[in-house]
Amino acid sequence: MPRPKSKEELIHLSNANYTRLMELVEAQTEEVQLSEFPTGTMNRNIRDVLAHLYHWHGMMLDWYNVGMDGNKPEMPAKGYTWKTVPVLNAWIFERYSTYDLQEVKQLFAQSHAEVCALIAKHSNDELFEKKRYKWTGTTSLGSYLVSATSSHYDWAYKLIRKALKKNNVLA
């Protein structure tokens, strides 16, 4: 399905891609879920990928809250620019490196629900009208939400699937 352009499409694809991602994860044995990916990826295992998604949800929610209060959020995060996102992602990787996989799964499920609730409370126009909110600049709120949900979940699914295939452990 192409990038969502309506509230209905965004809700559908966010939930569908979340479900597809988590079904892939849960279809693996616990040993495989905890196993290391092949060298060459920053995210070294499933926990790292889910923690990455969880943290980006949190940043999206922070941007929204700051922006809707009439302030300009620090995007992507304080001390980082869009050009330094790889450095930010490395920091996120380190931050969650001691978390337990089950804990990260719960955090990710919670943050997914929070972002979906945010999507649900807005009209189609509020989500997809460009320049509607000063803090989103020339883009739409929906564009940020697509990036934080359906598109990011698709990236995660493909990354995990590729790693499991390389390790010859895909269930």
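The values are calculated or read from the model by the stated rules, or taken from the named source; none is laboratory data. This structure is a prediction, so every number in the text was calculated from the model and none was measured. Ideal geometry is used to build each Cβ from the backbone, glycine not excepted, and the neighbour counts take in all protein chains shown.
Residues in the stretch 124-138 that are hydroxyl-bearing (Ser, Thr, Tyr) and closer than 21 Å to residue 114 by Cβ: 133, 136.
Filtered by the rule that a residue be of a type in the set (Lys, Arg) and within 15 Å of residue 170 (Cβ to Cβ), the stretch 9-56 gives a lone residue, 20.
Scan the stretch 73-83 and give yes if some residue there is at pLDDT 95 or above, of a type in the set (Val, Ile, Thr) and under 30 Å from residue 132 (Cβ atoms), otherwise no. Yes: one or more hits. Can you tell me which residue in the stretch 71-122 is surrounded by the fewest Cβ atoms within 10 Å (Cβ to Cβ), limited to those that are of a type in the set (Ser, Thr, Tyr) and more than 15 Å from the chain's Cα centre (by Cα)? Top of the filtered list is 98.
Helices (runs of 4 or more DSSP H) fully within the stretch 1-112 that include at least 3 residues being in contact (Cβ under 8 Å) with a residue 12 or more places away in the chain, among the small types (Gly, Ala, Ser) and out of contact with any Cys (no Cβ under 7 Å at 6 or more places or on another chain): 46-68. Across the stretch 117-139, what is the number of residues that are outside any loop (DSSP other than H, G, I, E, B) and at positive phi? Number satisfying all stated conditions: 0.
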